[in-house]
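The values are calculated or read from the model by the stated rules, or taken from the named source; none is laboratory data. Given the structure is predicted, the values throughout are model-derived calculations rather than measurements. Cβ placement follows ideal geometry from the backbone for every residue including glycine, while neighbour counts extend to all protein chains displayed. The area values use the complete protein model at the heavy-atom level, side chains included, leaving out ligands, DNA and RNA. Shrake-Rupley method; radii C 1.70, N 1.55, O 1.52, S 1.80 Å.
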Amino acid sequence: LAIFCDLSKVIVGPSIHMCHLQLKICLLQLKLPFLSRLALLGAGQFACTTYVPKLGDLAHLASLKVIWSRSKNAALKGLELAKPYAPEAEAKWGDEGLEAIWNDKTIHAVAIVLPAQAQLNVVLQALQAGKHIMHMGAAVAEVCKAWSAYQALATQKLKLPIWAVAENYRFEPGLIQAARFVKEAGALMAVQVTMEVPMNSSNPYFLSTWRRDPDFKGGFLIDVGVHFIAGLRLIVGSEVSSVSALATHVNSSLPNPDNISSLLQFSNGCTGVLNLSLSATTRKVSWRVVGSLGTVEAVRGVEDGKHGYKCTFHPSKGNPQEGFGAFAGVQEELKSFVVDVAQALSEEKSAEQADKRSSVLEAMRDLAVLEAMLHSSDNKGIPTSVVIDMNAE
């Protein structure tokens, strides 16, 4: 058996993180006699259009064994899409199907792609079953409850499974490059974040019911904004310590609020401003960081037919530097997860050593910024500290 590793990907990959990841994958392919087997829990829009094809791209690292949904029709639809690369995969649905997954010792991990309100119970069950998990973001209170259960497993002296929260912006090549440029920009003085994201009938998520749930305040803003906060924290390289925000409701076809503007205070002393609009009619996504030695900007765009982020560094001395990274965040975070799972199965790595970019703490920090903004707005823009209490109920 000969296994070839494309060393060009290791040497000239788009980021240091990705270079290391490609090398880890090559070594894993040489050393591990098995693939990790996983189940995809969820067969909605994002699961079918993004996760199913991305898992196909990773079929050499992980074997998709089951697609589960709350309904039979959705599970079968998702399975049909996966059949080309997972001909032996099965569809399961409902509580009975979920129980079968928890009891199946040949399933090592689950990717949970469900509405935020439905995730907590499934996450708790997965942790109790000892499955390694990656799931989409949820409200801070829900994550805290699951975190308490996770810590309870540790007190029982059980081997903790990997718990990853999917936040693909920390894996985006263009944003990683922008963060590297910022390290050369000297003392940071100002940050500008502009997010114009039209959420209208042409958007496939416009009619999403769970994002419109009145009990999930800021559903659209949180679901969209959490990615931009992750990108902001990555690029600036400093935590947001406090915010002062005002939210408004402009488009009656969207739940309140659909726009938010906020002043930002970073722990490194830098200040900034963020504007996020879901009722905009134009699209613009950008982060701009002004430093004593130059300015860095990352802007969403298209190059050679590929969507991604163009990052530019205008140094105070010398010529501008720029680069473009096509969207690859979901692919790279999934790849990192399945590599971590494979290493955990071979006892080369513990859950605590898994990729920190997908850690629960990182996800909590993203969510805490947005929730502080909403709290500030509810109190007429009062300055509000960004606080994370992992023991909150």
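Within region 330-359, the set of residues being surrounded by 21 or more Cβ atoms within 10 Å (Cβ to Cβ) and among the hydrophobic types (A, V, I, L, M, F, W, C) comprises Leu334, Phe337, Val338, Val339, Val341, Ala342, Ala344, Ala354.
Annotation for region 360-377: no member residue is open to solvent by 10 Å² or more (accessible area, probe 1.4 Å), part of a loop (DSSP other than H, G, I, E, B) and at pLDDT below 95. The set of residues in region 103-124 being crowded, with 18+ Cβ neighbours inside 10 Å and in a helix (DSSP H, G or I) consists of Ala116, Gln119, Leu120, Val122, Val123.
Scanning region 190-212 for residues that are at pLDDT 65 or above and open to solvent by less than 30 Å² (accessible area, probe 1.4 Å) yields a count of 6. For residues in region 43-96 being assigned to a helix (DSSP H, G or I) and of a type in the set (D, E, K, R), which is least open to solvent (accessible area, probe 1.4 Å)? For region 43-96, the residue satisfying everything is Lys54.
For the subset of region 275-313 comprising residues that are surrounded by fewer than 17 Cβ atoms within 10 Å (Cβ to Cβ) and over 29 Å from Ala247 (Cα atoms), which member is nearest to the chain's Cα centre (by Cα)? Only one residue tops the list, namely His307.
The sole residue among Ala187, Ala164, Ala152 that is modelled with pLDDT of 80 or more, more than 18 Å from Thr312 (Cβ to Cβ), among the aliphatic types (A, V, I, L, M) and more than 20 Å from the chain's Cα centre (by Cα) is Ala187.
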